[in-house]
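> Quick one: the structure is below, and I'll ask about it shortly.
Please treat every number below as a calculation from the coordinates, not as lab data. In this text, all values refer to a predicted model and were calculated from it rather than measured experimentally. Heads up, the Cβs are rebuilt from the backbone with ideal geometry, glycines too, and the neighbour counts pull from every protein chain shown.
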Amino acid sequence: MKKFEAFEEDLKREVFIFLSTLKWIALQEDVNYPPPYLGSKYTLAVYILLDRGFEMRDVRRMLKF
């Protein structure tokens, strides 16, 4: 991927492993929680909210889990 060309090889490998892991987690969530549930969209929403600085108690209140 062109976005990662400037990265060192070790960092490229770590990013690849992270993205691959995230892909398999998302697929498993879709299997565990098929429509009408949110599946991987639910998991990704939690990751994004945490990344944006929300506390876990806020995420629980918003997503009701």
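> Take segment 1-52 and flag every residue that is within 15 Å of the chain's Cα centre (by Cα) and in a loop (DSSP other than H, G, I, E, B).
LEU38, GLY39, ARG52
> So, one more: Does ASP58 satisfy the condition of being assigned to a helix (DSSP H, G or I) and loosely packed, with under 10 Cβ neighbours inside 10 Å? Lay out the reasoning, then the answer.
Details: assigned to a helix (DSSP H, G or I): yes; loosely packed, with under 10 Cβ neighbours inside 10 Å: no.
So ASP58 does not fit the description; no.
> What's the total number of residues in segment 26-35 that are in contact with a Ser or Thr (Cβ under 8 Å, 6 or more places away or on another chain) and either among the acidic types (Asp, Glu) or surrounded by fewer than 13 Cβ atoms within 10 Å (Cβ to Cβ) (or both)?
Number of matching residues: 3.
> Of all the residues that make up segment 1-44, how many are within 16 Å of LEU63 (Cβ to Cβ) and among the small types (Gly, Ala, Ser)?
The qualifying residues number 2.
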